[in-house]
Every structure is written in structure tokens, then in C-alpha cells.
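Read through the structure below, which is laid out as C-alpha cells, and then see the notes.
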Amino acid sequence: MPDSDSKPGRRRAKGRRRKPRPGRGKALRIVAWSAAGLVVLGGTGCGYVYFQLNGNIKSVDINQALGADRPDDVDNGSQDILVLGSDSRAGSNQKAGGGTDDGSARSDTAMVVHIYKGHKKASIVSIPRDTLIARPSCTDKDGTDHPAQDDVMFNSAYSTGGAACAVKTVESMSGIRMDHYVEVDFSGFQELIDDLGGVEVTTSKAIDDPDSHLELSAGTHQLTGEQALGLVRTRHGVGDGSDLGRIQLQQAFMKALMDQIKHVGVFSSPKKLYDLADTATKSVTTDSELASVKDLSSFANGLKGLGSNDMNMVTLPVQYDPADANRVLVDHAKSAQVWKALKADRAVPGSAGRGTATGTADGVVK
């Protein structure tokens, strides 16, 4: 169950930030990972293989679910994608994520990926799961209406109304219409990393986190899928144990992964190409406009030139909640700078992050 909602008048927390309860995994999800095996697939004419992979993809019709209650669709050449990771323990995710399958899932990782006009650069805005927000009214997949609610954790939007509610919440926060939605699960993330042959990272200090089953010495490592999943989930083994520190680890890992994807060599190995495509299509849930190999391939081709130096990593500007050491509050003035820049297809100004809450894991992963 989510932690208790934060209410006005609650007592001010004292002392050090207490470490959050273990047991809820968080995996980094980014469009390019799922797209890696699809970039060259659309034009191969693979016949049976094509249709088999097409059948792997799960989708949600966001447009039908939300109707006209959305920001305007501005056609300026840019694209905005909400990338989510749920912490469902169903099926093979229970083994990968740990914990028990209680039938629920939350969006423990959320990023707005803004691809600038020309598709040569991107800004990625991570939204801390512990952020207290005003959730709009939502209708879940069973048709049950959920009234709007104030002062709830961001990740509760997904558990309340699924993908459509998560999209509606982000659009309400940002004023920006999401062009696409992509979600990747625990086991799929782990398999994708293994199919890629692992990812090389360098850690500036040792990481030891029993909760995410990760133990790394300081130095260079070729991470397996299991280790990579542990790294992007860890928060107790590094820094102050905050979600903001975990986001710093995720952003550094994503840059390493993006560089590795560019050199993975799928063109020279049909088996590696198929393995990546099969894993990717089984792992993702997309909006209905990306729900085919052809559409995913076309979309991925537009991103394949992006490298780590072309991505600007941003965390939604927040401040620590003085009444609850495990929650953060949106810094509305600073956040407005972020959303205004993306809406206008401009770079996020550096001033948006100055004086806001940050984690203590910056530089641990290189």
C-alpha cells in the first residue's frame, strides 16, 4: 500500500531523513532501450517473425480514455513521451523485483522525454515518485470514477487509474500534451540488458544495498541485467537514501546505456537483433499509436542518432516537505520554468534547478 497521505497541520519532522521502507522496486525505463532491437526491424520484411513480434506488444488507447480533456496538441516538430515503470510483482516481475504479488502496481519511475524539433537533442525530466501533487479526477480501466484528490504521492496516479490517469496527471502538472506513452516492466528491463551483453559503468565509491541485492566495489564494472536492475533501484546503498539520489544514479546509468546501444552491433548479428526485438516487444506497453512493430520501428529510427551528450537530464524542481522527511513538494515557480521551456521547444534554463532539493549520489556512477 502507498504511504499515508500528507495532510495540513502534520508535525514537523526532526533529525535526519529516515530511510524509506524497502520492498518497492524501481526500474529505469527509457524509450531507446525498448527501441534498440526495433530500429532495423521494420524494413526487414520478416514475415512470420514480424507478425509474431507484433503480437507481443501490449497497448493502451490513451486518446480514447482521456477524450478532449487534454492540453492542445501543438505541432511544432517536437515530441513528448511519458515513460513509466510500474512495480508490479505479477508473473516474472516478482522474481526480478522481489516482494510479493499483491495485485497492485505503482509508477515508481516516471520521466517526461522531450525530443526537440529535428530529433537531434532531448531533455529528460525525472518526476520523483514521492512528490506530493494534486491528482485530477480519473476513470480506471473498469470504468470506475475516482474524484480528484489533493496532497497525494505522484505514483498513486498510476495505481488509481492506470496509464491513462498517469498521463492525465502529468499533463495537468505540465500543461503539455503527451504524444506517446511507454512502460517497461522489471523482468523485461533485466532481459534487455542481458541481451545487450551488459552495460559498462564506473563507480566512484562502493555500493552495498541488501534491499536491491547489489554489491559493487569502486571501479569499472560490466553490469549484468540483474546488477543493472539493482543499480537503478538502489537508494539505501548510496548517499542519504532518498529518491532524489536514486534518480541521480538512474540518469547516469541511462547515459552509459545510450552510449552502449550505439555500439551494440545488432546489424552483424541477426540472432542478437531478434533477441532484442523479442524481449523489447514483450516488455513494453505503449499507447495505441505505437502498438505495432512498424510504428515502433519508425519511432525508434527518429531517435537512433541520440547519444548521451545530446540528452539534458533534469529532475523536476522540488523542495523537501518540512512536515514529512520522506516527501517532496513541487517548487511551482522553478517547475514552471521547466514546462514553459519544453512547451516552447527550448532548452531548460539552468536557473530552474538552482536552490532546489537534490540527492547526494551525483558522481557515484560515471
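The values are calculated or read from the model by the stated rules, or taken from the named source; none is laboratory data. Being a predicted model, the structure only gives us computed values, none of them experimental. Don't worry about glycine lacking a Cβ; one is built from the backbone with ideal geometry, like all the others, and counts go over all protein chains shown. Note: accessible area is taken over every heavy atom of the protein model, side chains too, but ligands, DNA and RNA are not part of it. Shrake-Rupley method; radii C 1.70, N 1.55, O 1.52, S 1.80 Å.
Within the range 27-65, count every residue that is over 21 Å from the mean Cα position of the chain (by Cα) and modelled with pLDDT of 90 or more.
Residues meeting the conditions: 2.
Scan the range 127-157 residue by residue and report those that are in a strand (DSSP E or B) and open to solvent by 20 Å² or more (accessible area, probe 1.4 Å).
Ala134, Thr139, Asp145, His146, Gln149, Asp150, Asp151
Take Val348 and decide whether it is modelled with pLDDT under 95, of a type in the set (A, V, I, L, M, F, W, C), over 20 Å from Glu183 (Cβ atoms) and in contact with a strand residue (DSSP E or B) (Cβ under 6 Å, 6 or more places away or on another chain).
Against the criterion (modelled with pLDDT under 95, of a type in the set (A, V, I, L, M, F, W, C), over 20 Å from Glu183 (Cβ atoms) and in contact with a strand residue (DSSP E or B) (Cβ under 6 Å, 6 or more places away or on another chain)), Val348 does not qualify.
Under 8 Å between Cβ atoms, at least 6 apart or on separate chains: pull out the pairs that start in the range 128-141 with a residue that is within 11 Å of Val330 (Cβ to Cβ) and end on any residue that is open to solvent by less than 20 Å² (accessible area, probe 1.4 Å) and polar (S, T, N, Q).
Leu132/Ser6; Ile133/Thr169
Please specify each residue of the range 164-184 satisfying the condition of being buried (at least 23 other Cβ atoms within 10 Å of the Cβ) and either in a strand (DSSP E or B) or modelled with pLDDT under 85 (or both).
Result: Tyr181, Val182, Glu183, Val184.
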